[in-house]
Amino acid sequence: MNQRGQGKIALSLRKKLNSSSNYYSRSNLRNANLCNANLKGINLTGAYLDGADLSVANLTTAKLSNAEMTNSNLVAADLNGADLRNANLSSANLSAADFSNANLSKTNLINAHISAAKFSNAQLYGAKINQADLSAANFNNANLRNTDLSDANLRNADLSDANLRNANLRNADLISCPDN
C-alpha cells in the first residue's frame, strides 16, 4: 500500500477513535498510526498496540491496563492519570512522555527508551524497568517500591521523594542524580 493509502486509513482510524464511543477493549491496533490523536479517557484495556505510533497523542486518563504495546512509539505522548497496570511496553520509545499521576504497577518496561519522561506522583509498584534508558526522567514523588531497575540508565534522573523501598538497583547507572 502506498503512503497516501496508509494516510487515509490512519485518518479514518483516528476519526473512529475520536468519536463519541470510547470503548475499544481488546481491539487489534497493531502498527496503527495514531500520531497526534485525541484519545482522552479511551478504554483500550487489553488492546493490541504493538508497533503503533501514538507519538504526541492525548491519552490522559486512558485505560490501557493489560495492553500489549511492545515496540510502540509514544514519544511526547500525554498519559497523565492513565491506567497502564500490567501493560507490556517492552522496547517501546517513551521519550518525553508524561506519565504523571499514572498507574504503571507491574508494567513491563524492559529495554524501553524512556529518557526525559515525567513520572511525578506515578505508581510503578512492582514494575519491570530493567535495562531501560531512564536518563533525565523525572520520578519526583513516584512509587517505585519493589520495582526492578537493574541495569537501567538513570543518569541525571530526578528521584526526589521517590519511594525506592525494596527496588532492585543492581548495576543501575545513577551518576549525576540530584541529591534527594
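The values are calculated or read from the model by the stated rules, or taken from the named source; none is laboratory data. In this text, all values refer to a predicted model and were calculated from it rather than measured experimentally. Note that we place each Cβ from the backbone using ideal geometry, even for glycine, and neighbour counts take in every protein chain shown.
Figures for the structure shown
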{"read-out": "Number of the condition not met by ASN171 [criteria: (1) of a type in the set (S, T, N, Q); (2) over 24 Å from ASN86 (Cβ atoms); (3) crowded, with 20+ Cβ neighbours inside 10 Å]", "value": "(3)"}
{"read-out": "Pick from the stretch 153-163, criterion in a loop (DSSP other than H, G, I, E, B) and in contact with an Asp or Glu (Cβ under 7 Å, 6 or more places away or on another chain), ranking: farthest from ILE114 (Cα to Cα)", "value": "ARG155"}
{"read-out": "For LEU94: the one exception among (1) within 26 Å of LEU169 (Cβ to Cβ); (2) at pLDDT below 95", "value": "(2)"}
{"read-out": "Long-range neighbours under 7 Å by Cβ, at least six apart or interchain, first residue within 15 Å of ASN101 (Cβ to Cβ) within the stretch 40-69, second acidic (Asp, Glu) and modelled with pLDDT under 95", "value": "none"}
